[in-house]
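Below is one structure; the comments refer to it alone.
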Amino acid sequence: MTTDQVLIVIAISAYIMSTLALFTYFLSRERLPKLIGIPFAAAGCGVQFFELGYRYQTSHIWPLTNLYGSLSLFSAMSVAIFIGFAIKYDLWFIGGFVLALSASFLAYALTWNEGYLPAVPALQSYWIKVHVPLVVSSYAAFMVAMVTSVLYLIKYYGQRSLELRAAPAGLRAAPAGGPAGAGLQMQSYVPAQQRTLGGDLPVLASAAAEGSPLALWLATLPSLAKLDIMTYRIVAVGLPLLTVGIITGAWWAKEAWGAYWQWDPKETAALFSWTIYALYMHLHTRNSWRGLRSAWMSVLGFASIMFCYLGVNIWISGLHSYKM
């Protein structure tokens, strides 16, 4: 194995260790797994950036000219963005998901390792050092936002499940001389119009007080309102990166192919993804779209990003295709 391959294996190993530790923290909320997982995440991320720099220094070929290098940066930036938001907003509980995805993408990148091949003429431009890092970093931000959105959906539908279970008990009168907990059951069901927008349902506290394992675990997650605003803030980082990435890509296309825009499959897919996230940012200003609808839009947006990033580049022939 070459030195850069050894570094990649070290990074994947660190990510796997961090995944296991932070998943344990996610399920148990014990402090020790978090303290173990954080250094492994930081170490794996640092090793990845070192590997990219090492590859450039030894080969004098920009490491982002192929899917191997691009996926490696995507993985590293996903972890870096996660760590940044986790430090600021205490989001370590999502680490198991982010690190698992990062390790998977990095392992998949190894299947595209073609060695040190010079870039094709169209890629031999200073724009590659600007455009690709911007776009890949935006993809990484959207991946982290997708994770917080999925956790929002888990908590939302978990609470809905508790609400449906509590509704029959809440509509029945407690028998005379019934147990002391009957009063909690009587108040556990709250009509839809009385829910707090984007917030947790009162039934969650009631079910947790009654000892429901699902409610007790859901209560350890941040409120729905916090998960919603975290997703919004992460998308607010990714969308400007994607916007500038598309603009720099158009300038690069003008130099390489003579036109700013040619409706290439990659360009079209990128525009579609940009439109979804622009709509997300706009619609999030409306109360009726915050929360559940925004979470689903974030998940849909990341699905479009994956189609743009991998689907178009691998399976569809075009100016951006990685097909041999």
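The values are calculated or read from the model by the stated rules, or taken from the named source; none is laboratory data. Computed from a predicted model, the values in this text were never measured in an experiment. Note that each Cβ is placed from the backbone with ideal geometry, even for glycine, and that neighbours are counted across all protein chains shown. Protein only, heavy atoms only, side chains kept; ligands, DNA and RNA dropped before computing areas. Shrake-Rupley method; radii C 1.70, N 1.55, O 1.52, S 1.80 Å.
Quick check: with the 1.4 Å probe, what order do K129, K34 take by accessible area, largest first?
Solvent-accessible surface, decreasing: K129, K34.
Using the alpha carbon gyration tensor of the range 41-104, what are the three equivalent-ellipsoid semi-axes (square root of 5 times each eigenvalue), largest first, in whole Å?
Listed largest to smallest, the semi-axes of the range 41-104 are 25, 11, 8 Å.
How far, in nm, would the chain grow between L164 and V6 when pulled straight, counting 0.36 nm per residue and subtracting the alpha carbon separation?
Length gained, L164 through V6: 51.7 nm.
Using only Cα atoms, figure out Rg for the range 231-285 and give it as a multiple of 2.2 N^0.38 Å.
1.26
Hey, rough spin-label estimate for A236 and Y157, points 7 angstrom out along Cα→Cβ, what's it come to in nanometres?
Simple spin-label model gives 2.9 nm for this pair.
Would you tell me the accessible area of K88, worked out with a 1.4 angstrom probe on the heavy atoms of the protein chains, in Å² to the nearest 10?
140 Å²
In what sequence, largest accessible area first, do H60, H131, H282 appear using a 1.4 Å probe?
Order by accessible area, largest first: H60, H282, H131.
Round to the nearest 0.05 the FRET efficiency obtained for W296 and T58 when R0 = 51 Å and r is the Cβ-Cβ distance.
That gives a FRET efficiency of 0.70.
Starting from the Cα of S223, step 7 Å along the direction of its Cβ; do the same at Y108; then give the gap between the two resulting points in nm.
Between S223 and Y108, the label points sit 3.6 nm apart.
Just subtract the alpha-carbon distance of T275 and S125 from 0.36 nm times their residue separation and send over the number in nm, one decimal.
51.2 nm is the gain from fully extending T275 to S125.
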